[in-house]
1. Tell me the residue from SER276, SER268, SER299 that is surrounded by fewer than 21 Cβ atoms within 10 Å (Cβ to Cβ) and among the small types (Gly, Ala, Ser), please.
2. Being touching a residue at least 12 places away in the same chain (Cβ under 8 Å), closer than 25 Å to ILE381 by Cβ and assigned to a loop (DSSP other than H, G, I, E, B) is true for just one of TYR294, TYR289. Which residue is that?
3. Pick out, from the range 1-101, the helices (runs of 4 or more DSSP H) lying fully within it that include 2 or more residues that are open to solvent by less than 10 Å² (accessible area, probe 1.4 Å) and within 21 Å of LEU138 (Cα to Cα).
4. If you check GLY114 against the conditions, is it touching a residue at least 40 places away in the same chain (Cβ under 8 Å), of a type in the set (Gly, Ala, Ser) and touching a helix residue (DSSP H, G or I) at 6+ places or on another chain (Cβ under 6 Å)?
5. Go through the range 235-244 and count every residue that is open to solvent by less than 20 Å² (accessible area, probe 1.4 Å), in contact with a strand residue (DSSP E or B) (Cβ under 7 Å, 6 or more places away or on another chain) and not aromatic (Phe, Trp, Tyr).
6. Can you say whether GLU7 is touching a strand residue (DSSP E or B) at 6+ places or on another chain (Cβ under 7 Å), under 26 Å from ASP130 (Cβ atoms), among the acidic types (Asp, Glu) and without any contact (Cβ under 8 Å) to a residue 40 or more places away in the chain, as far as the supplied structure shows?
7. Take the residues of the range 310-361 that are among the basic types (Lys, Arg) and within 19 Å of GLU384 (Cα to Cα): which is least open to solvent (accessible area, probe 1.4 Å)?
8. Those residues that are over 16 Å from SER186 (Cβ atoms) and either of a type in the set (Val, Ile, Thr) or part of a strand (DSSP E or B) (or both), I need them from the range 133-158; list them, please.
Amino acid sequence: MLSDESEKRHQLDRNIFVETYGCQMNEYDSGIVRSLFKDRGYSAVRSEEEAGVILLNTCAVREKAHERVYGRLQSLSYLKKRNPRLVIGILGCMAQNLGEDLFAMGLPVDLILGPDNYRNLPELIDRMRDEPGRSYQLTRISSTETYEELEPEVVSGPLAFVTIMRGCNNFCTFCVVPYTRGRERSREPGSIVREVQNLIDRRGVREITLLGQNVNSYRHESGGDFTDLVKRLLDETSIRRIRFTSPHPHDFPERLLRLMAETDRFCSSIHMPVQSGSTEVLRRMRRDYTAEEYMDLVSLIRDIVPDVELTTDVIVGFPGETEEDFQKTLDLVEKVGYEKAYMFHYSEREHTAAKKQYADDVPEEVKLERLTRLIALQTRISGERNRADHGREYDILLEGPSRRSDKEWMGRTESGKVVVMPVPAELQLDFLQAQGRLARIVVESSSQATLRGRFVSFVQ
């Protein structure tokens, strides 16, 4: 029989804390990790103080993400000193990209694992318990791993993420993803259909977001492309809304747009990264389309799906970007009129083609000045587009209380706009009864990021 102290230590050893940095795919991968440990009898805890295993699932896309992880590891040093049995691991793209270099930084790291090696995690942790002081690195890239039989249930209220493919074949010069997540491979469509229906039946999910580095290149040997997959989900599950992210402009199928136009269950919301409005910069980025071709695609999308919400990613200060190149980006952003944009200044990433081929020759102060101008432009455009919605009615899927007050509800329109509205006093309805329902609202005011509405009625 274990002593009280031994029992306490054993329980601590079996507590796992996972912290996620970066994109929705990392959130989904963290769910996979938690599922694997749950099957081994571990308990997920909400605080690193309670954990015997701390795993940071990392991103390698932006310099700021790296800096946050370095700072976080330094802040965990005291826990390592307090509990020598504590295992701290770095997972994900940063682990894959930097590898054993992380061990040389004097950080409290015992384990480095890339995105294709999570099945080995519980076994490695058990092995480390028997070999105190031992560290492990496993960054093998797989050509087949999709974790398709695992259903991590990455759920937030009535919403959920579902990864449909892994890896990327595009090799944009600024991006590390093909080197950290490998080449494209797609999940079997039947496993995706089952996962979505299980999310509906077990967790009450009403809206899913399909995830992939380039979802519109989804294709499985059993037959069917991304449009076929979406159609199967519409036909074979009772999901109320489907979203997806992210597509690539160079292979956007028209039949996908036709399907989007046919039903409000397939949301009229497209996140389509442009990265630059200069064809010359796009060529150096290896984006495989010109600015003119991108604008032609925008025109096609809006012809077929007139109420579509377009959002994008933009990088400023890429090597060789001139003021003229940047002005072309501003012009394109103005012409498209995005609802929202994720805007960044370029930072070199290890192992990318851009770092090897091009000097990072745009001064930091110029990058930041251009980014400030771009943000100001997009802020104005977002505000104008939201003001144009004043007086319009929308059906929103209620997600939860707003961040500022539990007396307000938050939801999104079918096209993806965030709406906040006061809880109708006459309803006196517990939010748990309203969450996941469609509510009709009329827009009364707005900010650059949010619409404010008045409740009209429940739709269903």
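1. The conditions single out SER299.
2. When all the criteria are applied, what remains is TYR289.
3. 24-39, 63-75, 92-98
4. yes
5. 3
6. Spelling it out, it is not the case that GLU7 is touching a strand residue (DSSP E or B) at 6+ places or on another chain (Cβ under 7 Å), under 26 Å from ASP130 (Cβ atoms), among the acidic types (Asp, Glu) and without any contact (Cβ under 8 Å) to a residue 40 or more places away in the chain.
7. Result: LYS340.
8. TYR136, GLN137, LEU138, THR139, ILE141, VAL154, VAL155, SER156
The values are calculated or read from the model by the stated rules, or taken from the named source; none is laboratory data. These numbers come from a predicted model, not from an experiment. Every residue, glycine as well, gets a Cβ built from its backbone with ideal geometry; the counts of neighbours run over all protein chains shown. For accessibility, only protein heavy atoms count, side chains too; no ligands or nucleic acids. Shrake-Rupley method; radii C 1.70, N 1.55, O 1.52, S 1.80 Å.
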